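Reviewing the structure listed below.
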Amino acid sequence: MSEIGFDPRAALSAGEQAVAFAREEEDDYALAIVLNNLGEATRALGENERAAVYYDESLELRRGTGQASTIALSLSNVGEMALLDGETRRAAALFAEIASAIGDKRQTCFARGGLGWTAYLDGLNEEAEGHACESLRLAGETGMKLAVIDELFCLAGIAAATGSAARAASLAAAAERHASLIAPSPTLSDAGFHQAARATSVAHCPLSSLPSLPSERAALP
């Protein structure tokens with residue numbers, strides 16, 4: 001996830017130099033960090049295939065460290081790229097690994113959200129709704145504003161196939177309102193599975209169950 005003020009071209013230039021240095025020094029810990037950052041930069045520039053290569057190598061290196069939090073971050077990134085490429089089974093396996101191995105609420109929120117998207121894209125609407133609503137609940141508890149937006153769009157997309165047009169339109173509008181409260185992010189505009197839900201006009205999770213965000217513009221979590 002990119003931070004406010006993130007300059008992908010500058011990050012790409014600096015990252016390529018850092019990768020060369022880390023490889024020369026055989027510093028796998030630093031190399032994994034830089035490769036993940038290069039994935040962020042190339043993804044923000046719309047170069048998804050290149051980003052996937054960086055994310056995959058970063059994940060491989062991080063598995064060797066045994067650090068659960070960094071492994072979970074890489075699993076999430078690789079999972080999202082698999083979703084964008086239509087590899088829903090691979091994506092589901094990656095998100096399920098996070099959900100089963102990580103106890104942190106934020107990581108679980110990402111994992112359940114990812115599982116919701118994979119189920120939605122596979123047409124498993126009831127399963128998708130369960131994951132999306134749980135991710136939405138965790139997002140509300142932890143203040144993860146982008147996750148709230150993503151899951152509102154996911155719930156809108158779910159009912160595109162179930163016919164709850166009025167509630168879907170309300171959920172899509174709610175997602176857009178939440179998005180207007182925070183600074184623009186590539187997560188909101190570049191990820192194809194977010195756009196798929198944004199383009200729909202239906203969903204059926206009661207609006208009364210959804211967490212609300214502060215009215216003031218706030219920094220990303």
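Derivation of every value follows stated rules applied to the coordinates shown; laboratory data play no part. Keep in mind that what you see is a predicted model, and the values were worked out from it rather than measured. Don't worry about glycine lacking a Cβ; one is built from the backbone with ideal geometry, like all the others, and counts go over all protein chains shown.
With neighbours defined as other Cβ atoms within 10 Å of a residue's Cβ, the residues F21, F95 order from fewest to most as F21, F95. Residue separation of D104 and S13 scaled by 0.36 nm, minus their Cα-Cα distance, works out to 29.5 nm of gained length. Each label was represented as a point 7 Å from its Cα along the Cα-to-Cβ direction; for E176 and R23 these points are 4.6 nm apart. With the simple spin-label model, which puts each label point 7 Å out from Cα in the Cβ direction, the A93 to A30 separation comes to 3.4 nm.
How far, in nm, would the chain grow between D122 and D85 when pulled straight, counting 0.36 nm per residue and subtracting the alpha carbon separation? List each step's numbers first, then the result.
Values: separation 37, 0.36 × 37 = 13.32 nm, distance 1.33 nm.
Gain in length upon complete extension: 12.0 nm.
Using the count of nearby Cβ atoms within 10 Å as a rough guide to exposure, how do E126, E97 rank from fewest to most? Before the final figure, lay out each step's value.
Details: E126 9, E97 15.
Sorted ascending by nearby Cβ count, the order is E126, E97.
In region 1-111, taking the dipole from charged Cβ atoms about the Cα centre, the farthest positive-side position among G64, A91, A11 is held by A91.
Tell me the relative contact order for region 42-167 as a rounded percent, counting alpha carbon contacts under 8 Å between residues six or more apart.
Details: 153 pairs, mean separation 20.7, N = 126.
Contact order relative to length: 16 percent.
Put simply, when 30-41, 57-68, 164-175, 143-154 are sorted by average Cβ atoms within 10 angstrom per residue, most first, you get 143-154, 30-41, 164-175, 57-68.
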